[in-house]
Amino acid sequence: MCRIGAIKSKKYLHPSIALKLMRSQQEGHDDSGFAFIMQDLGGIFEHHKDLPILSMAGTVEGTRKAEDILLNLGFKRVLQWTPNINHQKGLKIEPMPNYMFEVVQYPKSHKYATQEEKEELLIDTALKIRKALEEDNSGYIYAFWPDTLVLKEIGSPKDIGTYFSLWEENTELCSKVITAQCRQNTNYDIVRYAAHPFFLEGYTVLANGENTFYEKNRLYQQNLNRAYIGFESDSQCFLYTLHYLHKILKWPIQYYKHVITPLPIEKIEKRTDKDILLRIKASLSHLEINGPNTVLGVLPDYSMVCVCDSKKLRPVVIGRNDDMVVMTSEVAGINELLPDRDLSKDIYPTENETIVIKEDLTVERWQQ
Amino acid sequence: MAAVKVNELHREDLPWIIEYDESKCIQCGKCTAVCSFGAISPCVEMRKKSGNIAEKQNLEKVLVVKQNVGFENHCVGCGMCTAVCPNGAIKAVRNLDDRYAIRYRAEKGESLKRGGRSNLNTEGRTLDKIKIGRISQMTDPSLDAIRHTFEIKTPFGRVLSADKLGFDVDGNNIIQSRTLPPNRWIYPVIFGDMSIGAISSRMWEAIAIATAYLNEKVGLPIRMCTGEGGIPVSLLKSRYLKYMILQIASGHFGWNRIIETMPEMVEDPAGILIKIGQGAKPGDGGLLMANKVSEYVQEIRGVPKADLMSPPTHQGLYSIEESVQKMFLSMNAAFNFRVPVAIKVAASVTSVSVYNNLLRDPYNIVGGFFIDGFAGGTGAAHEISLNHTGHPITSKVRDCYLAAVHQGRQGEIPLFAGGGLGQTGSFAADAFKLICLGANGVFTGRHLLQIAGCCGNDTEKCNACSTGNCPAGIASQKACLTKRLDVDKVAENIVNYMIATDIELRKLMAPVGCSTLPVGRSDALITVDRHIAQRLDIQYSI
């Protein structure tokens, strides 16, 4: 079973905190992988918040290919960071030869481009790199987006942490938002792309559960947006639905739950907004999930979201203090990070709730 | 040598031969009275008593039941005689050497007509070769069919894609500012379009009563399509109209009364169904033989007593665009754009083209696409049409769904599939499988008649709906026959059957982990037939 975690803090945090969060939940996952996404970056990335960062892993050929594509499109390298690799013997990890995190400047052609045009360019470029890497299986691109860093690897989370020297805290690598998961998606082939968290255009999603309507979701999403690809995991559908609803349709986040787990018609009929909810239910019926799930998400403004499915549920708890909010599968993880918090403020979300953690860490609880 | 007229119709030419055991017969006369076809009669036979047969005094008269031989009064194997016989003295036996069809055509110079269904489709039925093989285990557990909450409903009416809903956002709320096409959530089973005329008014009434009861007492929002031919004015004026889908077909029968009654309607109908074609006799119009056009039917349809043959096409419709316009202008406008308007076509090689055109219609007018497979039933048709024209429903539903998927428009025009559902006894399973293949729902007509007591089957038993002599009083307008039908009992049976169907649908949804309809969840299906797997794009399992 997956164990997932999301941390939002007022202060910059080193990713070792994500390892600690997941380590305490080790009995709940199968020790088969570790992946995390850092957003709202500090450290060496703090002064480049507007510039896109390429997060990838690949062979020498793969990373060269990606760099060539960037250069040919007119991107200019500003900063490159690679993790400090610790080649200890006996580590349970299947590493790639190279890991690359590269901050680049937009091409000159985009100097006066609108935000929308820049975003289009980033998506096109990411898709191009992914296609090129897939041609000879030479690597994986996890994100090409400002203020975002993604790492995914196969193996034991503890050993992955050791391999990338992530246990050693430093001020170089830190962020205010960290999402992490400790498991490869064992339902399907072991593919790095299949590991949560999933990222697209500022949206991050990780889920614990199963998407019973995966086939329906996939068939519908594949035509909605050119960036809705891969589908290596049924949980990617949660990301694409979030992106479609919030970014493309521009609907408030409270409607996410009305799409993935719509209310029964009987309940809708009693509401004043029934006309709208019935339309949503009909129009987006192929995006319903109908399975046991807890979904955690991060929006482009770095607010965090938590929703559960309406019938089978998967565990999740939210703990907090004045500086940090932690959402994770087991309370053991929160106890590790926030042992002295006020327990009465812990939140155990219900099946109809959408919980939003705002920028200032205030908590909004919306009932579906 | 004895002479025999080989070109005449003989008992041995008939499709069914009566086996009569004189030793068991008590001469009560029930069998001959019940036979609505006049296929048997009491008769006196001369028998040898004893001794020399040439001596007249050795003969005696014996009263027996004799099978009649004639084109209009031959046995159809309905089995009513057996049903009423107290001693089991009589039964109809299938004649494997039957020459009836060839004799009929040779003698009459007419096309052979009958009712019922295609009789050539019972072996190797595709839906029976598909199983539900994706059983939720462990991480995505199965649901509890008894205790869990299920929602078995589907939209009926045009569904717009989310980006075309025209929603505005006001703070944290969505507001709707434009008028959208009518759309209603209904149970995914629609009682199929059988007219008063094709079936008896009592049978029709029983379905209507069952529909109202299912909606108001059981909580299953099932809709009933009226069939072409009008409906009673009292029903048009009642609040129960909201459960009825009014049908308009190429004959436009009954619409004078519907239009005249509009000002007095207290509810909108559930929908309008424009019938373009029928699966059992595709490319053919409606056919109501004169012997079924009773006074009541004449009145409700506004026609004289005659064979009523609807044209094979709507005379005003000659293209997709034009038909859309026609729907737009007439049917939608008739109810002020409050009522979904759907069309029904016979499954055909061309179904996908038609569906694509409707999906792309810029007016978003079509609220449902009903595809009728060739295993459906009919009140009357030419046998040549019944047996040799048409298209199976399964692959066509799949094709239409995948065509919509290809365009990213699945669900925009809800698909309803019908034609032979429940043919081999598993109505709920058939419905579930078609839904997994992409249908939003199903419609059924003939199955309701079977529930009511129709004695016909798919292996040429009875199928005499065209004659007006339906022995069950279902497809007849003769008062003496329709009285055999207990309206309340039939309504009760239909209600019970649908309650059972609802339970069975849950029993199929639960193991695949669905609490709502699994429209398009082909991943839940498997088949042991490689060709079916390939054609329908479902998992091949052995």
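Dividing the summed helix terms, -39500 (n - 2.57) for each DSSP H run of n ≥ 4, by the number of residues in chain A produces a 222 nm estimate of -7000 deg cm²/dmol to the nearest 500. Taking the C-alpha atoms only, the angle from helix B:487-509 to the longest principal axis of chain B is near 50 degrees. Quick check: the angle from helix B:393-406's long axis to the longest principal axis of chain B, C-alpha only, nearest 10 degrees? Rounded to the nearest ten degrees, it is 10.
Counting only Cβ charges, +1 for Lys and Arg and -1 for Asp and Glu, the dipole size of the range B:11-110 around its Cα centre is about 220 debye. Each of the peptides B:503-511, B:394-402 was scored by the mean count of other Cβ atoms within 10 Å over its residues; in descending order, highest first, they stand as B:394-402, B:503-511. The alpha-carbon positions of chain B define a convex hull whose volume is 194 Å³ per residue. Model label sites at B:V528 and B:E45, defined 7 Å from Cα along the beta-carbon direction, differ in position by 4.8 nm. Taking every alpha-carbon pair within the protein assembly as shown, the share separated by more than 58 Å comes to 25 percent.
For the protein assembly as shown, DSSP calls about 75 percent of its internal beta bridges antiparallel.
What you get for the protein assembly as shown, charging only the Cβ of Lys and Arg (+1) and of Asp and Glu (-1), is a dipole of about 2600 debye around the Cα centre.
Using R0 = 25 Å, the C-beta based FRET efficiency linking B:E8 and B:C28 works out to 0.20. Farthest towards the positive end of the charge dipole of the range B:33-172, among the residues B:A89, B:S161, B:G124, is the Cα of B:A89, using unit charges on the Cβ of Lys, Arg, Asp and Glu.
Taking the number of other C-beta atoms within 10 Å as the exposure measure, put B:V44, A:V295, B:V528 in order starting with the fewest.
Working: B:V44 10, A:V295 29, B:V528 13.
The fewest-first ordering by Cβ neighbours comes to B:V44, B:V528, A:V295.
As a proxy for reagent exposure, ranking B:D284, A:D340, B:D372, B:D144 by other Cβ atoms within 10 Å from fewest up yields A:D340, B:D144, B:D284, B:D372. Look at the stretch B:407-414: the mean tally of other chain Cβ atoms within 10 Å of its residues' Cβ atoms is 3. Sequentially through the range B:302-313, phi angles give Karplus couplings (6.51, -1.76, 1.60; θ = phi - 60°) of x, 9, x, 6, 6, 4, 9, 10, 6, x, x, 10 Hz, Gly and Pro residues having no value and appearing as x.
The distance from the alpha carbon centre of the range A:268-328 to that of the range B:337-390 is 39 Å, rounded to a whole number. Other residues within the sphere of radius under 15 Å centred on the Cβ of A:F45, judged by their own Cβ, net out at -3 (K and R +1, D and E -1). Between beta-carbons, use under 13 Å as the cut-off and find the net charge around B:I542, counting Lys and Arg +1, Asp and Glu -1. Taking every Cβ under 13 Å from that of B:I542, the sum is +2. Computing FRET efficiency as 1/(1 + (r/R0)^6) for A:Y12 and A:V363, where r is the C-beta to C-beta distance and R0 is 25 Å, gives about 0.70. A cut-off of 5 Å between modelled amide H atoms, ignoring neighbours fewer than 5 places along the same chain, links B:W185 with B:F156. Once the Cα atoms are used to define both axes, helix B:201-213 deviates from the longest principal axis of chain B by about 40 degrees. Scattering from the range B:11-110 was approximated by placing one identical point on each alpha carbon and applying the Debye formula without solvent; log10 I(q)/I(0) at 0.18, 0.21 1/Å stands at -0.86, -1.01. Computed from phi, the 3J(HN,Hα) profile of the range B:360-370 under the Karplus parametrisation 6.51, -1.76, 1.60 (θ = phi - 60°) reads 8, 4, x, 8, 6, 8, 7, x, x, 10, 9 Hz, with x in place of Gly and Pro. Computed from backbone phi with θ = phi - 60° and the Karplus coefficients 6.51, -1.76 and 1.60, the 3J(HN,Hα) list for the range B:282-294 is x, x, 10, x, x, 9, 10, 5, 4, 5, 9, 7, 6 Hz; x is used for glycine and proline. Between B:N457, B:V69, B:I152, the Cα set farthest toward the positive side of the dipole of the protein assembly as shown (charges on each charged residue's Cβ, about the Cα centre) is that of B:V69. Out of all Cα-Cα pairs in chain A, roughly what percent, to the nearest whole number, are more than 34 Å apart? When every Cα pair of chain A is considered, 23 percent fall beyond 34 Å.
Residues A:S285, B:S348, arranged from fewest to most other Cβ atoms within 10 angstrom of their Cβ, appear as B:S348, A:S285. Taking chain A as a Gaussian network of alpha-carbon nodes connected by springs under 10 Å, the highest mean-square fluctuation of the residues A:D40, A:D147, A:D136 belongs to A:D136. Each listed q (0.14, 0.15 Å⁻¹) maps to a log10 I(q)/I(0) for the range B:271-390 from the Debye sum over equal C-alpha point scatterers, namely -0.69, -0.78.
The antiparallel fraction among DSSP beta bridges confined to chain B stands at about 50%.
Across peptide A:238-247, the average count of Cβ atoms from other chains found within 10 Å of a residue's Cβ is 0.
Using R0 = 56 Å, the C-beta based FRET efficiency linking B:N357 and A:E94 works out to 0.60.
Here the spin labels are modelled as points 7 Å beyond Cα on the Cα-Cβ line, and at B:A479 and A:D50 they lie 9.1 nm apart.
As a length-normalised measure over Cα pairs under 8 Å and 6 or more apart, the relative contact order of chain B settles at 19 percent.
A cut-off under 13 angstrom between Cβ atoms defines the neighbours of A:L239, and their net charge, with Lys, Arg +1 and Asp, Glu -1, is -1. Candidates A:I7, A:S24, A:I69 compared by Cα position along the dipole of the range A:1-79: farthest toward the positive end lies A:I7, with charges placed on Cβ.
Taken about its Cα centre, the range B:402-542 carries a charge dipole of roughly 180 debye when the Cβ of each Lys and Arg holds +1 and the Cβ of each Asp and Glu holds -1.
No lab work stands behind these numbers, since they all come straight from the coordinates. The model shown is predicted, which means the values in this text are computed figures rather than measured ones. Glycine gets a Cβ as well: all are built from the backbone with ideal geometry, and neighbour counts include every protein chain shown.
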